[in-house]
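Input: a single structure, listed below in structure tokens.
The values are calculated or read from the model by the stated rules, or taken from the named source; none is laboratory data. Bear in mind the structure is a predicted one, so any value in this text is a computation, not a measurement. Every residue, glycine among them, receives a Cβ derived from its backbone with ideal geometry; neighbour counts consider all protein chains shown. Protein only, heavy atoms only, side chains kept; ligands, DNA and RNA dropped before computing areas. Shrake-Rupley method; radii C 1.70, N 1.55, O 1.52, S 1.80 Å.
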Amino acid sequence: MTSSKTNPGNFFEDYHIGQILKHATPRTVTEGDVALYMGLYGPRFAVQSSDAFAKAIGYPRAPIDDLLMFHLVFGKTVPDISLNAIANLGYAEGRVMRAVYPGETLSTVSEVIGLKENSNKETGTVYVRSTGRNQDGDIVLQYCRWVMVRKRDKSAPVGDPVVPKLKDRVDPSEFGAAVPALKTEAYDYDLAGSASRWGDYEVGERIDHVDGMTLEEAEHQIATRLYQNTAKVHFNLHTEAKGRFGKRIVYGGVCISLARALSFNGMNNAFHVAAINGGRHVAPLFAGDTVYAWTEVLEKAEIPGRKDVGALRTRLVAVKNQDCSGFPYKTDPKTYADGVMLDLDIWVVLPR
Amino acid sequence: MTSSKTNPGNFFEDYHIGQILKHATPRTVTEGDVALYMGLYGPRFAVQSSDAFAKAIGYPRAPIDDLLMFHLVFGKTVPDISLNAIANLGYAEGRVMRAVYPGETLSTVSEVIGLKENSNKETGTVYVRSTGRNQDGDIVLQYCRWVMVRKRDKSAPVGDPVVPKLKDRVDPSEFGAAVPALKTEAYDYDLAGSASRWGDYEVGERIDHVDGMTLEEAEHQIATRLYQNTAKVHFNLHTEAKGRFGKRIVYGGVCISLARALSFNGMNNAFHVAAINGGRHVAPLFAGDTVYAWTEVLEKAEIPGRKDVGALRTRLVAVKNQDCSGFPYKTDPKTYADGVMLDLDIWVVLPR
Amino acid sequence: MTSSKTNPGNFFEDYHIGQILKHATPRTVTEGDVALYMGLYGPRFAVQSSDAFAKAIGYPRAPIDDLLMFHLVFGKTVPDISLNAIANLGYAEGRVMRAVYPGETLSTVSEVIGLKENSNKETGTVYVRSTGRNQDGDIVLQYCRWVMVRKRDKSAPVGDPVVPKLKDRVDPSEFGAAVPALKTEAYDYDLAGSASRWGDYEVGERIDHVDGMTLEEAEHQIATRLYQNTAKVHFNLHTEAKGRFGKRIVYGGVCISLARALSFNGMNNAFHVAAINGGRHVAPLFAGDTVYAWTEVLEKAEIPGRKDVGALRTRLVAVKNQDCSGFPYKTDPKTYADGVMLDLDIWVVLPR
């Protein structure tokens, strides 16, 4: 007798507008996760590395990395949203609402906010807004994401297309409250690794983060499992060897975290990712590739009500197997240069 | 002057019935171990993942995975029991007696309960009962294990054979007290990932756990060192390259933990392994292999005095490099099918 | 507009005698780091493994491994000292001054104590004394190190050579206070894995630590990132493939930690590294190599004021891809035997 208790994932026709998906598994974040995050990517931002540094400037203790929070919240959505996905198409309106500390438990709920069948009737785009909350129900992170999902049955009827209007930029007035009022006089720029503050960056400035980091299979697998992200393509060589690339595809979040960690060299004081305005995984990352990154400052903004910190809207670009001294990006407005993997538009926060 | 302070391990003639082996090294379990366990295998059972979930149903906090406890207790026995072992022949009467929480310190003592020389006089089978205890001396785990061990000297005299009578099934009345009285109304089946409870499973039901996980050398080495298991075959390519398989052999417990983590897909609420009735490592696992798993429900039992949870006796089968849609097992009663690595007979506990 | 905010590292002519370098990033040590350290190297010393064991003998809880502390303190110095280094030439006067416990935050300051240009005018030797402190400013570790650093400009003028007089041996009277007064009657030699105490070792005794451990790329990368050591040669296959060895070079500290972990087999009770008298990385370690180690007892000393513990000065030698039954070391006084990677002169502390 064969069971039907395993999760087959959702297909396009299984979704409806307004549908609420309450994802498994709630997850308590610990100092163990923080250590693994450090070991896997090598971030060096002082606020997230040191309880003493964080306390001195006004945090109760070192918060976890904003991207660790993102990956944990995101990972839970995979079994319900992207198990039958063909492609992760984009992100928007990502906002970190609160700092998360070890000991807090994260869970995620998603709402279906858009559905649009493709003309081939075989696939469609599903838009969701995912909300991560802590054990008290406080929102810690919210973001929108759209993915291309297979239909189970080409002839299944679907509703009229609904495409949500998503902002292409989070406004600084909408930032969350992750950063407490800082005791800026206690912010030690030597310990932070650089004297460059918000005021020292200029719109148009481009920063080559110089260093490169080669990724191993064990590293991305450990990371992705840590986030309880179960997408098959990251783990199963037996099937992927026969697949499109002949090998495992690395979870896109690993590329984001590596690029962010590399960005410390030149953005040492940009300790907080306040928002993800948009993001695109342009090309896949594989084990054996070496990741480089560069940043362009797109916009510079004060944050309403804050004299202690300011925001930089930056484009963080990750590139594989070539250094970023030439700032590789696009060959024409619609075409990314060879090697570009990630085009991420984020707001980062620095002391003023 | 050459020292003789290194541990040469015990040989068959070094053991006697009733011998007590107090194993090094006591080990405090931490949230770091829990994070590594997650990163290495990807388990998603809600009770072990979330302090908030665990507390809501009656635990003081999330307990560690039962198999993490098993590996930690087991690892300590290796230098005294299996350093000169040729084969790990079997397990029986494994019982998890208490939940273990981060901060507790585990140590292990083994008693020799059986000895039987083989007819070739070169090896013999050693049977031990190993008992793991916490820092207060409370038993957390007990199991029997038998291994084939080399003799140092073929002509060394040995005693009459003693073969212990081991039960082929732990009775649910003998289960430990690892699961507190559950507030079942607080058990959130959405967060747990499935609505399937004890009552929904039937004897004879077979569940293909679908997903496959490819193992890397770094992963099993990190796991096995974490358990302070020192068996040479897992770590030393320099010698193993000239050995039987030409490569490192993965600690069998890694295969068990991977299969158990995969079993979440279809057994989402089977959050506790109460007992190991028996187990056999049918074929070795190597780095590069992809592990799949399936489960058959062998027996369904109430647990004396418990209305909140029930037990399923299951056969958990791990298979390499082929999916489990065909439930690969045996080709005849004595012969395992190609690819089958693990045949494990366990009791798992689910909410009723 | 290209930014100049990235760290180019210091060149020889950037240093001056008496210069103080306050290194980024302060780092809180956690149980997560301890678990990773265990998973990556497999140490089994009871004091560092068990809170219960450590408390019983007089510690407030298990201290972190002395070498984990060393790596964390050392890692911070890399961006300021050795980013443009060609070679790590030596260590001296290394002293562990205090035990470090999870929750403490480490930071490092270095002072330039020597400078000597090489005759080629292209490089010079920089001598620093690095001091690791906890969040209260207490010194936890101090050591001297000298590295060969490139000049930016061959014609840049430099001062007269200053070569510090470094002791080739830390005297036991200079040991720190890392080990509390031990309740030696509570020290359980079974749990510690051996009955051999300080008094059981003799000068001239050589111990083959028997076991070998093969290293993977993911393992040394995770370790080195954990220490926030950013030296490019450890991580960047894209550039190193074209470099001197054609592959990534493993951080020397990984070799030290593996050798130390292997040394448990034969030095089970040498739970504390009190001092590093000197050390030399004789040959590089690469992923895929198997590390073996052996120890020679060079000196045996009482520690002033201590009846509970004694010190052994030992030579810890790490060798690759050959076992240490022949104690491989030097072929003549100036030439190391093939395969020898590490020649480390340390003081270890054992119960008397």
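Can you pull out every residue in the stretch A:162-197 that is open to solvent by 40 Å² or more (accessible area, probe 1.4 Å) and touching an Asp or Glu at 6+ places or on another chain (Cβ under 7 Å)?
Within the stretch A:162-197, A:166, A:167, A:181, A:184 meet the criteria.
For the condition in contact (Cβ under 8 Å) with a residue 60 or more places away in the chain and more than 15 Å from the chain's Cα centre (by Cα), what is the one hit in B:34, B:96?
Result: B:34 is the single residue among B:34, B:96 that is in contact (Cβ under 8 Å) with a residue 60 or more places away in the chain and more than 15 Å from the chain's Cα centre (by Cα).
What tally of residues in the stretch A:33-71 results from selecting those that are polar (S, T, N, Q) and at the interface with another protein chain (Cβ under 7 Å from one of its Cβ atoms)?
Adding up the residues that qualify gives 2.
Of (1) farther than 22 Å from residue C:144 by Cβ; (2) open to solvent by less than 10 Å² (accessible area, probe 1.4 Å), residue C:288 satisfies all except one. Which?
(2)
In the list A:235, A:271, which residue meets the criterion of being within 14 Å of chain B (Cβ to nearest Cβ) and touching a strand residue (DSSP E or B) at 6+ places or on another chain (Cβ under 9 Å)?
Exactly one residue qualifies, and that residue is A:235.
Which residue is least open to solvent (accessible area, probe 1.4 Å), if the candidates are limited to the stretch A:300-352 and must be in a strand (DSSP E or B) and of a type in the set (Phe, Trp, Tyr)?
Of everything passing the filter in the stretch A:300-352, A:347 is least open to solvent (accessible area, probe 1.4 Å).
Restricting attention to the stretch A:230-275, report how many residues are closer than 24 Å to residue A:95 by Cα, assigned to a helix (DSSP H, G or I) and out of contact with any helix residue (DSSP H, G or I) (no Cβ under 8 Å at 6 or more places or on another chain).
So the count comes out to 4.
What number of residues within the stretch C:210-229 are within 26 Å of residue C:8 (Cβ to Cβ) and open to solvent by 30 Å² or more (accessible area, probe 1.4 Å)?
0
Is there a residue being on the phi > 0 side of the Ramachandran plot and open to solvent by less than 50 Å² (accessible area, probe 1.4 Å) anywhere in the stretch B:124-141?
Scanning the stretch B:124-141 turns up at least one residue that is on the phi > 0 side of the Ramachandran plot and open to solvent by less than 50 Å² (accessible area, probe 1.4 Å).
What are the residues in the stretch B:96-154 that are away from chain C (no Cβ under 14 Å), of a type in the set (S, T, N, Q) and touching a strand residue (DSSP E or B) at 6+ places or on another chain (Cβ under 7 Å), if any?
B:118, B:123, B:125, B:130, B:131, B:142
Could you identify the single residue in B:45, B:53 that is among the hydrophobic types (A, V, I, L, M, F, W, C), farther than 28 Å from residue C:60 by Cβ and touching a strand residue (DSSP E or B) at 6+ places or on another chain (Cβ under 8 Å)?
Result: B:53 is the single residue among B:45, B:53 that is among the hydrophobic types (A, V, I, L, M, F, W, C), farther than 28 Å from residue C:60 by Cβ and touching a strand residue (DSSP E or B) at 6+ places or on another chain (Cβ under 8 Å).
From B:6, B:25, B:30, which residue is within 14 Å of chain C (Cβ to nearest Cβ) and surrounded by fewer than 22 Cβ atoms within 10 Å (Cβ to Cβ)?
Sole residue among the options that is within 14 Å of chain C (Cβ to nearest Cβ) and surrounded by fewer than 22 Cβ atoms within 10 Å (Cβ to Cβ): B:6.
Any residue that is away from every other protein chain (no Cβ under 13 Å) and within 30 Å of residue A:155 (Cβ to Cβ) - is there at least one of those in the stretch A:72-84?
The answer is yes, given that some residue of the stretch A:72-84 is away from every other protein chain (no Cβ under 13 Å) and within 30 Å of residue A:155 (Cβ to Cβ).
Kindly evaluate residue A:240 against the criterion of being within 12 Å of chain B (Cβ to nearest Cβ), surrounded by fewer than 24 Cβ atoms within 10 Å (Cβ to Cβ) and more than 15 Å from residue B:213 (Cβ to Cβ).
So residue A:240 does not fit the description; no.
Please enumerate the residues belonging to the stretch A:171-229 that are touching a helix residue (DSSP H, G or I) at 6+ places or on another chain (Cβ under 6 Å) and either in a helix (DSSP H, G or I) or β-branched (Val, Ile, Thr) (or both).
Those that are touching a helix residue (DSSP H, G or I) at 6+ places or on another chain (Cβ under 6 Å) and either in a helix (DSSP H, G or I) or β-branched (Val, Ile, Thr) (or both): A:186, A:191, A:192, A:214, A:218, A:219, A:220, A:222, A:223, A:224, A:225, A:226.
Is there a residue being within 27 Å of residue C:39 (Cα to Cα) and either open to solvent by 30 Å² or more (accessible area, probe 1.4 Å) or aromatic (Phe, Trp, Tyr) (or both) anywhere in the stretch C:254-263?
no
Scan the stretch B:199-209 residue by residue and report those that are open to solvent by 30 Å² or more (accessible area, probe 1.4 Å) and either in contact with a His (Cβ under 8 Å, 6 or more places away or on another chain) or in contact (Cβ under 8 Å) with a residue 24 or more places away in the chain (or both).
The answer is B:199, B:202, B:203, B:206, B:208.
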